[in-house]
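As structure tokens, the structure follows; a few thoughts come after it.
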Amino acid sequence: MTFIIQNYILQADLMNKKWIVITLGAVLLAALLAWLFIESTKPLPGEKVTYNCDSAIDFSKIDAATAGDKCRLHIPEGSSVNYSTNPPTFGPHYPSWVTKGFYDEPRLDGNLVHSQEHGYIIIWYDCGRRVTGYPSTELRAGRLQRIVGTAYAQSLNMTAGSQGSASAKLQDMPEAFRNGSCDNLKKNLKEVYQKFGPHKLIVMPRPGMDFPVILTAWGRMEKLSSVDKNKIKAFIDAFRDNGPEQTNEP
């Protein structure tokens, strides 16, 4: 009788432990599903950029103008494109692209848009803007047009992906980019590049923006008044390698 009672108690104890394990497993599964649901419903960083690329360029002058997705159409190097935002995030672009790196001199939009198609993240910085996001008086519109326009297209010597040639030399850029007043901003962005890069990450100067730092990926943009490393990391994690064209690049 004692043996039967002990065996019953043992079986009951095992059964209780089994139900405890099942209950804990169910609780953990429910917690995991709740976390996945919360994560999946969180808004993505930045804002989504929309644009009808039919108005981006005169496609009557471009071969293969009947391509299904004109926003992804390759156009001749140096072609003028009416991108919808400053800086651009997507649209018709040049056949070659800019590879990873921290740049002191700008490259052409047509090549950088192609980089974003490959899933690159670009961190643009404007030394002519104060960190608070208010404009500096150093930049003049006419000078900006000479710097970031397409007049420098012929100086570009790129094949496929490379660092390419600068579309403007540092000495020709606004004074804020070359007089040392931007050193702290560049230092912070270099730290960001070293921490979160270099894979498919570009840091690029750009005069004439409305914020000192702007993050872009294909079809996405986030404007920052300072080097907010948490927001930068969140943007990179969300959109790096998520371009419409998947490429295997370091």
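The values are calculated or read from the model by the stated rules, or taken from the named source; none is laboratory data. All values reported here derive from a predicted model rather than from experimental measurement. Cβ coordinates were reconstructed from backbone atoms using ideal geometry, including for glycine residues, and neighbour counts include every protein chain displayed.
Residues being within 15 Å of Ile121 (Cβ to Cβ) and part of a strand (DSSP E or B) are entirely absent from the stretch 239-248.
Residues of the stretch 223-244 being touching a helix residue (DSSP H, G or I) at 6+ places or on another chain (Cβ under 7 Å) and either surrounded by 15 or more Cβ atoms within 10 Å (Cβ to Cβ) or of a type in the set (Lys, Arg) (or both), which ones? Answer for the stretch 223-244, where residues must be touching a helix residue (DSSP H, G or I) at 6+ places or on another chain (Cβ under 7 Å) and either surrounded by 15 or more Cβ atoms within 10 Å (Cβ to Cβ) or of a type in the set (Lys, Arg) (or both): Leu224, Val227, Lys229, Ile232, Lys233, Ile236, Gly243. Taken over the stretch 164-188, the criterion of being closer than 26 Å to Gln246 by Cα and surrounded by 21 or more Cβ atoms within 10 Å (Cβ to Cβ) is satisfied by Gly164 alone. Pairing residues of the stretch 35-57 that are farther than 17 Å from Asn86 by Cβ with residues that are outside any helix (DSSP H, G or I) and modelled with pLDDT of 75 or more, at Cβ distances under 7 Å and at least 6 apart in sequence or on separate chains, gives Pro45/Glu222. Taken together, Gly219, Gly197 contain a single residue that is of a type outside the set (Ser, Thr, Tyr) and at pLDDT below 95, which is Gly197. Looking at Ile147, Ile232, just one residue is within 26 Å of His118 (Cβ to Cβ), at pLDDT below 90 and in a helix (DSSP H, G or I), and that residue is Ile147.
Checking Tyr103, Tyr125 one by one, the residue that is modelled with pLDDT of 75 or more and in contact with a Leu (Cβ under 7 Å, 6 or more places away or on another chain) is Tyr125 and no other. With the requirement that a residue be surrounded by 24 or more Cβ atoms within 10 Å (Cβ to Cβ) and of a type in the set (Val, Ile, Thr), what does the stretch 202-213 give you? The answer is Ile202, Val213.
Among the numbered conditions (1) modelled with pLDDT under 50; (2) surrounded by fewer than 16 Cβ atoms within 10 Å (Cβ to Cβ), the only one that Leu156 does not meet is (2). When restricted to residues that are part of a loop (DSSP other than H, G, I, E, B), among the small types (Gly, Ala, Ser) and without any contact (Cβ under 8 Å) to a residue 60 or more places away in the chain, the stretch 83-135 contains 2.
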